[in-house]
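Structure first, then comments.
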Amino acid sequence: MSTKNTLSQEAETRLIDFFNHIIDPEDMAKVLRQVNCILALGVMRQHETLQIGLTNFEDNYYWLNELAEILNPYLSEE
């Protein structure tokens, strides 16, 4: 993993705004860990339907997508 700062000033500003106004960094870390856990369990169980945490997964998917859009606005209209 590279330690070089490759974030643009705009992305850095958007990340700061995201963590100051949208979601707390600690909550975001929790979201990332929950999603990683659910995805790992799904793979280990050969993609069985996971009822435990399914509601949390939907919410967490939203936040991960929002973070991804801040880092790289792939889905946003220009």
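Take R14 and decide whether it is open to solvent by 70 Å² or more (accessible area, probe 1.4 Å), touching a helix residue (DSSP H, G or I) at 6+ places or on another chain (Cβ under 7 Å) and modelled with pLDDT of 70 or more.
Considered against the rule, which asks whether it is open to solvent by 70 Å² or more (accessible area, probe 1.4 Å), touching a helix residue (DSSP H, G or I) at 6+ places or on another chain (Cβ under 7 Å) and modelled with pLDDT of 70 or more, R14 comes out as yes.
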Which of the residues belonging to the range 19-53 are open to solvent by 70 Å² or more (accessible area, probe 1.4 Å) and at pLDDT below 70? V43, M44, R45, Q46, H47, E48, T49, Q51, I52
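The values are calculated or read from the model by the stated rules, or taken from the named source; none is laboratory data. In this text, all values refer to a predicted model and were calculated from it rather than measured experimentally. Quick reminder, even Gly has a Cβ in these numbers, built from the backbone with ideal geometry, and neighbours come from all protein chains shown. Calculation scope for accessible area: heavy atoms of the full protein, side chains included, ligands and nucleic acids excluded. Shrake-Rupley method; radii C 1.70, N 1.55, O 1.52, S 1.80 Å.
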